[in-house]
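Scroll down for the structure; my scribbles are underneath it.
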Ligand SMILES: NC(=O)C1=CN([C@@H]2O[C@H](COP(=O)(O)OP(=O)(O)OC[C@H]3O[C@@H](n4cnc5c(N)ncnc54)[C@H](OP(=O)(O)O)[C@@H]3O)[C@@H](O)[C@H]2O)C=CC1
Ligand SMILES: Cc1cn([C@H]2C[C@H](O)[C@@H](COP(=O)(O)OP(=O)(O)O[C@H]3O[C@@H](C)C(=O)[C@@H](O)[C@H]3O)O2)c(=O)[nH]c1=O
């Protein structure tokens, strides 16, 4: 999903080479070395992951290989090539107990194999000896080109009269368009900040859209927008439920809003509210 948006939105000042899974397996060090040698990139953006949260519980080894080891392989290749690495991580590295926006230095405590494997990936990058990296933790992504909660709700609203959605998990949705733009702004930051002693812009950042909501509120707004765009979905009721009433293999944090203070400070950029961005997504999707 995120890779699709990079193809669509990365500014044309970048001469971009997109590699899909067939062209580049991030767990294959030899292949990664060959591709990096051939393309000689200045920046490597890793959108690859095993991101099916529940499937990670049963395919643990694959999760740790792709999400845990792959980023380390890319980081070592980036170090050898003198490239910057951008890596995407997740709010699911937190346990959700804080109930205040999480900052980059907060203690991590993943509740799921997915969250733990993504944390291992972050650690592999930090331990690789690569200095110029951005690890960008984000949350609740949606956009074109892949499965996500917005598309699931659009489908279910057309199939069912009643939706039951958890109302006790709070986070923040993020349109992939906004994340791509945020990454572009972070990549631009070194040009402005590098000469300031002791102010390296590289490191870990949090980025999501602004505001917060539960999955239930998110679903309500999705269905309202669906109606505004002329659809007459089958759904008549959306019921708020508790997490224990919707049992899944992987535990999710009950609170995972990310603080954007560091991102705002370094880039000076405004962050769109999730409601605004969701409207933009519907405009783009239905027109
Ligand atoms: N989706 C979300 O809500 C969130 C996602 N993230 C992170 O954002 C990033 C992008 O997520 P998203 O776009 O949703 O993920 P998707 O699942 O949509 O895409 C992941 C891509 O990675 C590919 N892939 C899997 N294994 C490998 C491998 N070994 N080598 C190369 N490619 C591989 C997949 O290919 P194939 O299908 O062929 O296996 C797929 O194309 C991930 O790092 C994810 O952890 C963070 C927060 C929220
Ligand atoms: C479809 C559906 C989901 N839910 C709940 C289940 C879950 O608690 C919550 C979210 O559902 P999903 O399983 O679609 O979302 P999930 O896969 O947990 O989404 C996560 O993906 C990974 C990749 C991330 O990194 C996270 O930031 C986050 O976006 O909504 C309902 O309550 N009712 C429903 O009908």
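Assuming a ≥ b ≥ c are the square roots of the Cα gyration tensor eigenvalues, decide whether the range 33-117 counts as rounded (a/c under 1.5), prolate (otherwise, with a/b larger than b/c) or oblate. Oblate, since a/c reaches 1.5 and b/c is not below a/b.
Using a Förster distance of 41 Å, how high is the FRET efficiency between residue 283 and residue 199, based on the Cβ-Cβ distance and rounded to 0.05? Can you show the working numbers first?
Working: r = 38 Å, r/R0 = 0.94.
That pair, residue 283 with residue 199, gives E of 0.60.
Take the Cα of residue 168, go 7 Å toward its beta carbon, and the backbone nitrogen atoms of the range 215-247 under 19 Å from that spot belong to 215-219, 239-247.
Protection proxy ranking for 27-39, 47-59, using the average of other Cβ atoms within 10 Å per residue and placing the highest first: 47-59, 27-39.
Rank-order 79-90, 224-235, 239-250, 11-22 by packing density, defined as the average count of other C-beta atoms within 10 Å over each peptide's residues, highest first.
Packing order, densest peptide first, comes out as 79-90, 224-235, 239-250, 11-22.
Look at where the Cα atoms of the range 222-238 and of the range 94-136 average out, and the two centres are 36 Å apart. Rounded if a/c is under 1.5, else prolate if a/b beats b/c, else oblate: with a ≥ b ≥ c from the C-alpha gyration tensor eigenvalues square-rooted, which is the range 6-54? Note, shape of the range 6-54 comes out oblate. Calculated [222 nm] ellipticity per residue, helices only, for the chain: -12500 deg cm²/dmol; basis is -39500 (n - 2.57) per DSSP H run with n ≥ 4, divided by all residues, nearest 500.
Among beta bridges from DSSP that stay inside the chain, the antiparallel ones total about 10%. Please report, to two decimal places, log10 I(q)/I(0) for the range 143-280 at q = 0.16 Å⁻¹ as given by the Debye formula with identical point scatterers on the Cα atoms and no solvent. After summing over all Cα pairs, the log10 values are -0.90.
With the convex hull of its Cα atoms as the shape, the range 2-286 has an orientation-averaged projected area of 15.1 nm².
Cα gyration tensor of the range 81-151, axes a ≥ b ≥ c as square roots of the eigenvalues: rounded (a/c below 1.5), prolate (a/b > b/c) or oblate?
Details: a/c = 1.98, a/b = 1.22, b/c = 1.62.
It comes out oblate by the Cα gyration axes.
Measuring nothing but alpha carbons in the range 45-194 and taking Rh as the Kirkwood radius, the Rg to Rh ratio lands at 0.99. Just so you know, the averaged projected area of the alpha carbon convex hull for the range 154-193 sits at 4.6 nm².
Taken together, the values in this text are just the output of simple stated rules run on the coordinates, not laboratory data. Note that the structure is a prediction, hence the values are computed from the model and not measured. In this analysis, Cβ positions are derived from the backbone assuming ideal geometry, glycine residues included, and neighbour counts consider all displayed protein chains.
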